[in-house]
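Right, one structure below, let's go through it.
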Amino acid sequence: MALRVMVVDDALFMRNMLKDIFVRAGYEVVAEAENGEMALELYRETRPDLVTMDIVMPRKSGIEALQEIMTNHPEACVVMVSALGQDSLVLEAVESGARDFIVKPFKEENVLEIVRRITGHA
């Protein structure tokens, strides 16, 4: 069964890049969100196996959305996506339950290696 992924980023370009990576790898992108509020709603509806979550977004940050997801679903598998220089935010996200993080700009093989390592999906 294909890994079910939700992609969360306020930039359409970044969502499309990640979706393309996941689709090429044979994963199913079940939802995408452009802010933390939408991410929470779609997480409840779709229950994906993996979430990639941008840290800095409008309406509700990725860290706030992560904390709420982890409070209600401690088994959730969330990988944060951050820009270079957001080290303190990445640390806060990992302390809040993020399984790992991807730093922008990223390479396809790095994204897939992280996903495979934390989910066990080949």
Cα gyration tensor, the stretch 62-120 - rounded (a/c under 1.5), prolate or oblate: oblate
Could you list which residues have their amide H under 5 Å from that of Val29, counting only those 5 or more apart in sequence or on another chain, with H placed in the peptide plane? Val5
Rounded to the nearest 10 Å², what accessible area does Glu95 have for a 1.4 Å probe in the complete protein model? 140 Å²
I need to check one value: relative contact order of the stretch 37-122, counting alpha carbon pairs closer than 8 Å and at least 6 residues apart, in percent. 26 percent
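Taking 0.36 nm per intervening residue step and subtracting the Cα-Cα distance, what contour gain separates Arg24 from Lys107 on full extension?
Result: 28.5 nm gained on full extension.
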Enumerate the calculated ³J(HN,Hα) couplings along the stretch 50-63 in order (Karplus 6.51 cos²θ - 1.76 cosθ + 1.60, θ = phi - 60°), each rounded to whole Hz, writing x wherever the residue is Gly or Pro. 8, 10, 9, 10, 5, 7, 9, 9, x, 6, 7, 5, x, 5
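The values are calculated or read from the model by the stated rules, or taken from the named source; none is laboratory data. Being a predicted model, the structure only gives us computed values, none of them experimental. The accessibility values were calculated without ligands, DNA or RNA, using every heavy atom of the protein model including side chains. Shrake-Rupley method; radii C 1.70, N 1.55, O 1.52, S 1.80 Å.
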